[in-house]
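> The structure's right below; bear with me while I get my questions together.
Coordinate-derived values only; no laboratory data. This structure is a prediction, so every number in the text was calculated from the model and none was measured. Counting neighbours? That spans all protein chains shown, and the Cβs are built from the backbone with ideal geometry, glycine included.
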Amino acid sequence: MRTLIALLLAGLLTSCSSGADKPAATTTQPTYSITGTFMLLGLEDDQVGDSDFGTGTYTVDDNGDCSGTGRYDDVQEGLQVTVADEAGTVIGTGYLLAGEQTSGGCMLRFKIDGIRPAKFYKVTVGRRGEISYSHAEMEAQGWFVELTLGD
């Protein structure tokens, strides 16, 4: 009798575990990497006028890195960059890298990996508003965006 029960239990365990050995079927969606630049343009004092925010310029430190000052003092290495889809759901985050001074101003780069497909992509740098791109626009631009702040 014990042998019969042991054989029945062994058969039951084998039939229960046979489904666990099969890998689950998965579908893989492509993901994208968005790279870009955020250009902070320097403003002359007479262009800014009087404001509570001070002048909107940038500064360059001893290492040659640049970052915003005055009303743009939040624009610096580490400022969060987000990408949201058409519903406003955040689908990727990254950060500005150290800025480098160029002939046009202070340029900070960023890269955000693992972006899932969407109809539209809303790119936001800190509290500086958002710029929207369609999926077709992103493909045409090679998943590269150029954002500018200042005059």
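> Out of the GluC sites (Glu not before Pro) in the stretch 54-145, which ones are loop residues according to DSSP with at most 15 other C-beta atoms within 10 Å?
Answer in residue order: Glu77, Glu86.
> For the stretch 29-149, what's the relative contact order in percent, using C-alpha pairs closer than 8 Å and at least 6 residues apart?
32 percent
> Now for a separate question. Please list, ordered by chain and number, the residues whose modelled amide H lies under 5 Å from the amide H of Gly99; skip anything fewer than 5 residues away on the same chain.
Placed amide hydrogens put Cys66, Glu77 under 5 Å from Gly99.
> Which far-off residues, 5 or more places away or on another chain, put their amide H under 5 Å from the one on Gly92, with H placed in the peptide plane?
Val83
> Here is a further query. Excluding Gly36 itself, what net charge comes from residues whose Cβ is under 10 Å from its Cβ, given Lys and Arg +1 and Asp and Glu -1?
After counting each charged neighbour, the total is +1.
> Mind putting a number on the dipole of the stretch 29-149 about its Cα centre? Charges go on the C-beta only, +1 for Lys and Arg and -1 for Asp and Glu, and I need it in Debye to the nearest 20.
660 debye
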